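The values are calculated or read from the model by the stated rules, or taken from the named source; none is laboratory data. Just so it is clear, the structure is predicted and the values come from calculations on it, not from any experiment. Here the Cβ positions follow ideal geometry from the backbone for every residue, glycine too, while neighbour counts run over all protein chains shown.
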Amino acid sequence: MNLIRPVVQNLEKICRGNSVLFNLYAWPYKKTVQREIRLGSITQEDKVLNIGCGALPFTSYHINRLTGASIIAVDLDNEAVIEAKNLLSKLKISEEEIFPVNLAALEAIEKFDFTKVVAALQTEGKKEILKAIEKKARRERNDIQFIVREPRSGFTNQYDNISLEKLSNQKINQAKQKFPTFDRSISIKLGAN
């Protein structure tokens with residue numbers, strides 16, 4: 001039974017639409033996102049697909065603010081996307097910088113062009129997403145990096161995860177993280193070869 005997700009959703013509802021509360025909520029994630037930026041070598045030249053942005057798109061926000069990369073921020077929850085758009089408007093962030101959209105991850109992978117993908121811890125179907133990114137990278141003959149947060153061992157029943165043992169033929173790097181629910185972000189380089 002997933003107990004964490006409802007608590008996080010309620011906390012995010014409290015912070016919606018309030019730029020001060022957003023900045024307080026987003027602050028602890030800044031170092032996490034900085035590690036993911038280094039892990040994925042994200043620069044201003046990148047277009048990043050952020051899967052599972054939620055109503056408080058702090059990962060998209062920090063990537064954009066720290067690198068200047070443009071972000072496509074997707075979420076399945078239309079209400080969350082509407083709230084994210086409202087919040088970004090209050091923060092004076094344009095849709096050219098962060099573009100929130102209500103789409104499933106697999107649909108977004110097919111619809112948009114991007115060089116990096118960053119997936120939230122709560123993202124479901126990570127293995128299918130990985131396969132879709134790999135297929136797109138091969139088809140388009142481009143390298144794409146998939147950066148994803150992986151749950152701590154005590155939380156693998158709460159969140160979907162990727163089995164690193166089954167990815168032995170992929171180029172994988174990791175960054176340690178200091179959150180109660182996840183202890184690492186992994187980067188998987190997918191390409192035409």
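A few notes on this one:
- Residues within the range 121-154 that are under 18 Å from LYS176 (Cα atoms) and buried (at least 18 other Cβ atoms within 10 Å of the Cβ), tallied: 9
- Of residues in the range 103-119 being buried (at least 18 other Cβ atoms within 10 Å of the Cβ) and among the small types (Gly, Ala, Ser), the one farthest from GLN174 (Cα to Cα): ALA108
- Failed item, numbered, when ARG139 is tested on (1) touching a Gly at 6+ places or on another chain (Cβ under 7 Å); (2) of a type in the set (D, E, K, R); (3) farther than 24 Å from GLN34 by Cα: (1)
- Of the strands (runs of 3 or more DSSP E) lying entirely inside the range 27-127, not one carries at least 3 residues that are small (Gly, Ala, Ser) and modelled with pLDDT of 95 or more.
- Test result for ASN2, at pLDDT below 65, assigned to a loop (DSSP other than H, G, I, E, B), over 18 Å from the mean Cα position of the chain (by Cα) and among the polar types (S, T, N, Q): yes
- Residues of the range 32-65 satisfying the condition of being under 20 Å from GLN174 (Cα atoms) and hydrophobic (A, V, I, L, M, F, W, C): VAL33, ILE37, LEU39, ILE42, VAL48, LEU49, ILE51, ILE63
- Every pair of residues 6+ apart whose Cβ atoms lie under 7 Å, when the first sits in the range 105-122 and is more than 16 Å from GLU140 (Cα to Cα) and in contact (Cβ under 8 Å) with a residue 24 or more places away in the chain while the second is aliphatic (A, V, I, L, M) and part of a loop (DSSP other than H, G, I, E, B): none
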